[in-house]
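The values are calculated or read from the model by the stated rules, or taken from the named source; none is laboratory data. Predicted, not measured: the structure shown is a model, and the values here were computed from it. Positions of Cβ are backbone-derived with ideal geometry, glycine not excepted, and every protein chain shown enters the neighbour counts.
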Amino acid sequence: MDVNSQASWMKLFAAISIATFSAISFADDGCNLERPPRAAVADAGHGFYVFIYPQTVPSKYNGCQTMWDERGRKQFSITFRRGQVVEYIGHDYSSDSKLISTQNCIYKKETLISSNADCPSYSSLRNGILTVPGLSEELKIPAERDPRAPK
């Protein structure tokens, strides 16, 4: 193999590796999940179940933490970049599950910089959605009220 062929193969390998790594990272960040995965933790309040994924947010997290209701509808998501909240998106539904409104809040350097509605404070979002450790395992959720992907 001559030097030009070897260089071409190296460039092709590098391009494929970068594309593959980027796709894996993007897919694993949790931002494109339509329904809660099996690994989502359950919580309960006021007679309803909610499902949160991921349960905790590491200090340098890149991705989204999302909460769904028992119908599998996204209630809100928090987007993190390098551990900092950059976006909050909240959804409001009618009683027949139609999306009424979406709340968009953009944060930069721990400050709200853009919104279309009242937004949560940065400090209330910085640690993500807090859950009670162990509660998910204790809850006995009826199958018809659990939107997580089947085992």
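Out of all the residues in region 36-50, which are surrounded by fewer than 17 Cβ atoms within 10 Å (Cβ to Cβ) and not in a strand (DSSP E or B)? Please lay out each step first, then the result.
Kept after step one, since they are surrounded by fewer than 17 Cβ atoms within 10 Å (Cβ to Cβ), are these residues of region 36-50: 37-39, 44-48.
37, 38, 39, 46, 47 - these are the residues of region 36-50 that are surrounded by fewer than 17 Cβ atoms within 10 Å (Cβ to Cβ) and not in a strand (DSSP E or B).
I'd like to check something: does region 99-107 contain any residue that is surrounded by 16 or more Cβ atoms within 10 Å (Cβ to Cβ), in contact with a helix residue (DSSP H, G or I) (Cβ under 6 Å, 6 or more places away or on another chain) and not in a loop (DSSP other than H, G, I, E, B)?
There is at least one residue in region 99-107 that is surrounded by 16 or more Cβ atoms within 10 Å (Cβ to Cβ), in contact with a helix residue (DSSP H, G or I) (Cβ under 6 Å, 6 or more places away or on another chain) and not in a loop (DSSP other than H, G, I, E, B).
Can we say residue 118 is out of contact with any strand residue (DSSP E or B) (no Cβ under 6 Å at 6 or more places or on another chain) and either surrounded by 11 or more Cβ atoms within 10 Å (Cβ to Cβ) or aromatic (Phe, Trp, Tyr) (or both)? Lay out the reasoning, then the answer.
On the way: out of contact with any strand residue (DSSP E or B) (no Cβ under 6 Å at 6 or more places or on another chain): yes; either surrounded by 11 or more Cβ atoms within 10 Å (Cβ to Cβ) or aromatic (Phe, Trp, Tyr) (or both): no.
Taking the combined requirement at face value, the residue does not satisfy it.
What's the number of the only condition in (1) at pLDDT 85 or above; (2) assigned to a loop (DSSP other than H, G, I, E, B); (3) small (Gly, Ala, Ser) that residue 124 fails to meet?
(2)
Do the conditions hold for residue 70, that is, is it in the same structural domain as residue 43 (by TED's automatic domain parsing) and in contact (Cβ under 8 Å) with a residue 60 or more places away in the chain? Before you say what the answer is, go through the steps one by one.
Working: in the same structural domain as residue 43 (by TED's automatic domain parsing): yes; in contact (Cβ under 8 Å) with a residue 60 or more places away in the chain: yes.
Considered against the rule, which asks whether it is in the same structural domain as residue 43 (by TED's automatic domain parsing) and in contact (Cβ under 8 Å) with a residue 60 or more places away in the chain, residue 70 comes out as yes.
Can you say whether residue 96 is over 22 Å from residue 144 (Cα atoms), loosely packed, with under 11 Cβ neighbours inside 10 Å and among the acidic types (Asp, Glu), as far as the supplied structure shows? Spell out how you get there, then give the answer.
On the way: over 22 Å from residue 144 (Cα atoms): no; loosely packed, with under 11 Cβ neighbours inside 10 Å: yes; among the acidic types (Asp, Glu): yes.
It is false that residue 96 is over 22 Å from residue 144 (Cα atoms), loosely packed, with under 11 Cβ neighbours inside 10 Å and among the acidic types (Asp, Glu).
Cβ-Cβ under 6 Å, sequence separation 6+ or interchain: first residue in region 97-111 and closer than 20 Å to residue 122 by Cβ, partner among the aromatic types (Phe, Trp, Tyr). Which pairs?
105/88; 107/122; 110/122
Determine, yes or no, whether residue 55 is surrounded by fewer than 18 Cβ atoms within 10 Å (Cβ to Cβ), out of contact with any Leu (no Cβ under 7 Å at 6 or more places or on another chain), assigned to a strand (DSSP E or B) and at pLDDT below 95. First the steps, then the outcome.
Values: surrounded by fewer than 18 Cβ atoms within 10 Å (Cβ to Cβ): yes; out of contact with any Leu (no Cβ under 7 Å at 6 or more places or on another chain): yes; assigned to a strand (DSSP E or B): no; at pLDDT below 95: yes.
The answer is no for residue 55.
Residue by residue, here is whether (1) within 15 Å of the chain's Cα centre (by Cα); (2) of a type in the set (A, V, I, L, M, F, W, C); (3) part of a loop (DSSP other than H, G, I, E, B) holds:
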residue	(1), (2), (3)
85	yes, yes, no
96	no, no, yes
129	yes, yes, yes
137	no, no, no
